[in-house]
Amino acid sequence: MPQLRTLAATTTLLTLSGLLAGCSLSGGADESAGDKTVVVATHDSWAMSKKVLEEFTDKTGYRVKIEPNGDAGQLTNKLVLTKGSPIADAVYGIDNTFASRAVDEGVLADYSPKDEPASSSKYTLGDAKGDAQLTPVDYGDVCVNVDDVWFARHEVTPPRTLADLTSSDYKSLFVTPGATSSSPGLAFLLATIAKYGDGWQAYWRKLMANNTKITAGWTDAYEVDFTAGGGDGDRPVVLSYASSPPFTIPKGEKRPTTSALLDTCFRQVEYAGVLKGASNSAGAKAFVDFMTQRAFQDALPDNMYVYPVDSGATLPADWAAYAKTAPDPLTVPPAEIAKNRDTWLREWGDITSR
């Protein structure tokens, strides 16, 4: 989750820009508010309705000021570089591909909300130190998506598995954002590592030999190259999200024109935490608490296109039918990611640049 990482990234950023025009996301906070302002460092895909954030202000008296800092990786790096002089009070958007780095670098203070939903326990890092510092807020499945209309029109059976993407039947049909420049791209690389283990490099060589296209980010892959992305794309297979298909339901119709391949998904979990040395640690703790509560959890799907960790939260009707999560998502332990990330990315770069 995202990070990166939503179908409506452009809408998200426009929403964020509009809200920031009021100087804060809670309706008018400014620096003169002193310790009543909570500064939250996030990734660029943050978006939350003004109504929900005003509810937080009404409950606690704190106003929220959002500070975007790139994708999940850039956000984490920024926090590490400013350790000792934190850029915010709280952080939202560190995901399980970068969580270990944030914890190991000591940028977070210990804090766990008292009233977290019971269902959030299955999204913890599984590390005592990390679980004391990072609170699960949402998750999302990064999956290969296909344009069902294109495949029906061309009378071609669509791919269903990661292995299918290397078949000559799908030569020049797949596009994915790169692992070094995109959070979902990194998630896809990790999915292949989870699936193939030491054979992931051989798999990627087959992908590249099948003329897989690599783009800088999700927007280029989905909105430019994907045949169902709204542009003039020529590739009917794309890396996106399990939550993407509902957004391809044509106006006046009931079914999406795309589907997610649930056997290809890597699960991203996004966390919130209090920054060590925060100027307003009390406000930061209050906001982390709020993100685990029902008002915020219910609002996540419509605002950030991710799944709430609270299993009792309400999902849009279309999601229940067309945005199902993967029953057995591919995962890599955060500690293993932290240990091998740089090596994997270097090796992936060597393969894809040839």
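Which number comes out as Rg/Rh for segment 158-262 once both Rg and the Kirkwood Rh are worked out on C-alpha atoms?
Rg/Rh for segment 158-262 comes to 0.97.
In the structure displayed, which of K36/K324; K122/K276; K50/K251; K78/K129 lie more than 32 Å apart, Cα to Cα?
Table pairs above 32 Å Cα-Cα are K36/K324.
Using a Förster distance of 35 Å, how high is the FRET efficiency between K171 and D342, based on the Cβ-Cβ distance and rounded to 0.05?
Taking R0 as 35 Å, the efficiency between K171 and D342 is 0.65.
Counting other beta carbons within 10 Å of each residue's own, what order do C143, C265 fall into, fewest first?
Result, fewest neighbours first: C265, C143.
Hey, fewest Cβ within 10 Å first, where do F226, F296 land in order?
F296, F226
Check the straight Cα-Cα distances from K171 and name the aspartates and glutamates below 16 Å, setting aside those fewer than 8 residues away within the same chain.
Correct list for K171: D147, E155, D225, D234.
Please report R153, R267 as a ranked list, fewest other C-beta atoms within 10 angstrom at the top and most at the bottom.
R153, R267
For Cα pairs less than 8 Å apart in space and 6+ apart in sequence, what is the mean separation divided by the residue count of segment 58-207, i.e. the relative contact order in percent?
Contact order relative to length: 16 percent.
Return the lysines within reach of K51: Cα separation strictly under 16 angstrom, same-chain partners fewer than 8 residues apart disregarded; answer none if there are no such residues.
In chain and number order, the partners are K59, K65.
Candidates (1) 61, 48, 35; (2) 78, 55, 35; (3) 67, 44, 43; which is the computed Cα extents along the principal axes in Å?
The value computed from this structure is option (1).
Relative contact order for segment 217-354: what is it in percent, counting Cα pairs under 8 Å that are at least 6 residues apart?
21
Every read-out reported here was derived from the displayed coordinates using simple, explicitly stated rules and does not represent laboratory data. Worth saying up front: this structure is predicted, and the values here are computed from it rather than measured. In this analysis, Cβ positions are derived from the backbone assuming ideal geometry, glycine residues included, and neighbour counts consider all displayed protein chains.
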